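Let me begin by presenting the structure, written as structure tokens, before commenting on it.
The values are calculated or read from the model by the stated rules, or taken from the named source; none is laboratory data. Source: prediction; values computed, not measured. Cβ atoms come from the backbone with ideal geometry, glycine included; neighbour counts cover every protein chain shown.
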């Protein structure tokens, strides 16, 4: 299990060693590395100084100023074309690193419409869908909810909840974002709450899967906790650790 790969193709190529399958919970793209501002699409286009500034503004939750800085930098450029070209380059490298079999869903910074071009026959992409792996039923819910960050794959709460409902009862509930529990949503380094899903939390309480697995929060206050019969686990910020989380049975 990996999540928040953010460009770590070298680690991804090793992540499935010794496992029967690899599961990826999204955020393959690296737009801007908050730990190393020299890495990612943004500094490649606009330099490290501008990356430093936009991280400073976002960390201070000065989102309007961050968007204004972005507008000035992008003025006169074809933003969509530049980002898509950079994302395609990253996806080509990252999807090539996936072992067979891989089961994957989207993160909030991913661009779902591009995935069919890069996912090989050994990679199964699921969103609002179920699959049986080793006798257990896994359900996948990709993307994130609306935030001031306005990342590429954020959707309305109602659309997100409908995908969860479509899964029904599963043994393992896999999502990019966590259920809406403060300890699971708070990032201790960014010092802010990321958006979790109330619909995920309700489904966990109602259907009682064995596991609820997710990522999104890079440095969570709590990496795991039990909600009733369900073990909730943040499988980790793979970009920084390079270490997958193993689910065994």
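From 202, 239, 206, grab the single residue that is out of contact with any strand residue (DSSP E or B) (no Cβ under 9 Å at 6 or more places or on another chain), under 27 Å from residue 156 (Cβ atoms) and either at pLDDT 95 or above or surrounded by 18 or more Cβ atoms within 10 Å (Cβ to Cβ) (or both).
Selected residue: 206, the only one of 202, 239, 206 that is out of contact with any strand residue (DSSP E or B) (no Cβ under 9 Å at 6 or more places or on another chain), under 27 Å from residue 156 (Cβ atoms) and either at pLDDT 95 or above or surrounded by 18 or more Cβ atoms within 10 Å (Cβ to Cβ) (or both).
May I ask you to verify whether residue 92 is without any contact (Cβ under 8 Å) to a residue 60 or more places away in the chain and more than 28 Å from residue 179 (Cβ to Cβ)?
On the way: without any contact (Cβ under 8 Å) to a residue 60 or more places away in the chain: yes; more than 28 Å from residue 179 (Cβ to Cβ): yes.
Answer is yes for this residue.
Would you pick out the residues in segment 148-160 that are free of Cβ contacts under 8 Å to residues at least 60 places away in the same chain, more than 19 Å from residue 28 (Cα to Cα) and surrounded by fewer than 18 Cβ atoms within 10 Å (Cβ to Cβ)?
156, 157, 158, 159
I need the full set of residues from segment 1-13 which are closer than 18 Å to residue 215 by Cβ and either in a helix (DSSP H, G or I) or at pLDDT below 95 (or both), in order please.
Applying the first criterion (closer than 18 Å to residue 215 by Cβ) to segment 1-13 yields 1-9, 11-12.
If the condition is that a residue be closer than 18 Å to residue 215 by Cβ and either in a helix (DSSP H, G or I) or at pLDDT below 95 (or both), then 9, 11, 12 are the ones that fit.
Return a yes/no flag: does segment 176-199 have any residue that is more than 20 Å from residue 108 (Cβ to Cβ) and without any contact (Cβ under 8 Å) to a residue 12 or more places away in the chain.
So far as segment 176-199 goes, no, none of its residues is more than 20 Å from residue 108 (Cβ to Cβ) and without any contact (Cβ under 8 Å) to a residue 12 or more places away in the chain.
Scan segment 144-160 residue by residue and report those that are out of contact with any strand residue (DSSP E or B) (no Cβ under 8 Å at 6 or more places or on another chain) and not in a loop (DSSP other than H, G, I, E, B).
Answer for segment 144-160, where residues must be out of contact with any strand residue (DSSP E or B) (no Cβ under 8 Å at 6 or more places or on another chain) and not in a loop (DSSP other than H, G, I, E, B): 158, 159.
Determine whether residue 169 is touching a residue at least 40 places away in the same chain (Cβ under 8 Å), over 22 Å from residue 109 (Cβ atoms) and loosely packed, with under 14 Cβ neighbours inside 10 Å.
Considered against the rule, which asks whether it is touching a residue at least 40 places away in the same chain (Cβ under 8 Å), over 22 Å from residue 109 (Cβ atoms) and loosely packed, with under 14 Cβ neighbours inside 10 Å, residue 169 comes out as yes.
Go through segment 134-143 and give me each residue that's buried (at least 18 other Cβ atoms within 10 Å of the Cβ), out of contact with any helix residue (DSSP H, G or I) (no Cβ under 6 Å at 6 or more places or on another chain) and part of a strand (DSSP E or B).
Result: 138, 140.
For segment 177-249, which fully contained helices (runs of 4 or more DSSP H) count at least 2 residues that are within 15 Å of the chain's Cα centre (by Cα)? Let's see the steps before the verdict.
Working: elements: 182-185, 198-207, 238-241.
In segment 177-249, 182-185, 238-241 are the helices (runs of 4 or more DSSP H) which contain 2 or more residues that are within 15 Å of the chain's Cα centre (by Cα).
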